[in-house]
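Some notes on the structure that comes next.
The values are calculated or read from the model by the stated rules, or taken from the named source; none is laboratory data. Only a predicted model underlies this, so the values are computations on that prediction, with no experimental measurement involved. Cβ atoms come from the backbone with ideal geometry, glycine included; neighbour counts cover every protein chain shown. What goes into the accessible areas is simple: the full protein's heavy atoms, side chains included, and nothing from ligands, DNA or RNA. Shrake-Rupley method; radii C 1.70, N 1.55, O 1.52, S 1.80 Å.
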Amino acid sequence: MGPLAGLKVVELAGLAPAPFACTVLADLGADVVRVDRAKPGFDVLSFPNDPLTRGRRWIGVDVKSPEGLDLVLRLVDEADVLVEGFRPGVAERMGLGPDALMARNPGLVYGRITGWGQDGPLAPAAGHDINYIAISGALEPIGQAGAKPTIPLNLLGDFGGGGLMLAMGVMAALIERQSSGRGQVVDASMVDGAALLTTSLFGLKNLGLWSKPRGENLLDGGAPFYDTYETADGKYVAVGAIETRFFGELVKVLGLEDVPDHLNPANWPALRELFAATLRTRTRDEWAKLAEGTDACLSPVLTPEEAPSHPHNVARGTFVEVGGITQPAPAPKFSRTAPVTPSAPSEARADTSAVLAELGLSEDEITRLRAAGTIA
């Protein structure tokens, strides 16, 4: 059932990064219960069969009512982890802040994620992924020369620097708990996480290997041997032949001769023109076929719809079908405790009765609470 089998997680329903952290934990075997409002409200990023809600149970509780709050407190009493993604102070006002919960359950790991962090001048302000990665230094270097910064979807803030960092922080706190017996608060900020993702960039800058404006450096598309190129069918290939040996393989695949030294930046404009003209002579898939079995570091740029069918992804089981939707499989892979294919997302609040029955509530109690609007 995965390496986290037996771990109990309570997720206070939110958007993007917190659900993704819980998806990672659920994918690896944790028993995650998602606590949502008893009465559904409009939520622009919540929809049926959302892959970000796969693999866990979903209950609806009115935490503004004394009885509803007590139910959630009892649920957390038996949990190892709680995850919330509200603005600073919101969970405390709900009666679900870390002090209240950890007084009842001292071993609880309380994972919380925000854009700016729990403190600092911007902590109370609204924002989204683009704002967080903007001040982290992660957004400015991304893009083509002479153009504005390119928005990398919401992968750097919400998911990479946010949800994934929170999941890692929770796991670190759980490991520490084995020796101390005590839980702690994990304060995951998307600014902090996105900044951490740029660590290698600071090293390159220190060495003088990243000193030019955006789009003119080694790994940002400035080098012609590390870029994307349009092919004859209007699609693209990605080229990443940095090392001399790999560059030599690329030149062979492209059928070129007498190519100038690729490590001399003075030759980059000519090389780029040569590569662009050559790669436009065949289709994307023709170039990919020619590069198969070589170290040319040339790959087809696939759409999300195409990626699941690529032979390598098929062989690795990189994608799975869950609830009729093709989506990424759990990662990474484990030699002994391989995670199972995630279960399909529950219907909204469909597991309330089963979860409360596990807490010891009788059928009559559950019926009464539902009639009162305390649960859904």
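At-a-glance table
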quantity	calculated
Ranked order, 364, 129 - accessible area, probe 1.4 Å, largest first	364, 129
Accessible surface, segment 1-88, averaged per residue in Å² (probe 1.4 Å)	40 Å²
Residue-level accessible surface for residue 72, protein heavy atoms, 1.4 Å, Å²	0 Å²
Label-point gap, in nm, between residue 267 and residue 243 - each point 7 angstrom along Cα→Cβ	1.9 nm
Reachable lysines from residue 235, criterion Cα separation under 27 angstrom, eight or more residues apart if same chain	148, 252, 289
Portion, in percent, of the accessible area of segment 1-90 that falls on carbon or sulfur, probe 1.4 Å	61 percent
Surface accessible to a 1.4 Å probe, per residue, for the residues of segment 323-376, Å²	59 Å²
Full-stretch length increase - residue 144, residue 103 - with 0.36 nm per residue and alpha-carbon distance subtracted	9.6 nm
Nitroxide proxy distance, nm - points 7 Å out along Cα→Cβ at residue 155 and residue 233	2.2 nm
Carbon/sulfur fraction of accessible area - segment 255-349, other protein chains in place, 1.4 Å, %	52 percent
Within straight-line cross-link reach of residue 8, lysines at Cα separation under 22 Å, skipping those fewer than 8 residues along the same chain	333
Neighbour cut-off at most 14 other Cβ (10 Å), DSSP loop, trypsin sites (Lys or Arg not before Pro), segment 103-195	182
Given charges at beta-carbon only (K, R positive; D, E negative), |dipole| of the chain in Debye	220 debye
Label corresponding to volume of the Cα convex hull per residue in Å³ when calculated from the structure given, among [x] 185; [y] 472; [z] 174	[z]
Residues with amide H under 5 Å from that of residue 375, placed H, sequence gap 5 or more	62, 370
Relative contact order for the chain, counting Cα pairs under 8 Å that sit 6 or more residues apart, in percent	21 percent
Hz values of 3J(HN,Hα) by residue in segment 221-228 - Karplus curve (6.51, -1.76, 1.60), Gly and Pro given as x	x, x, 8, x, 8, 9, 6, 10
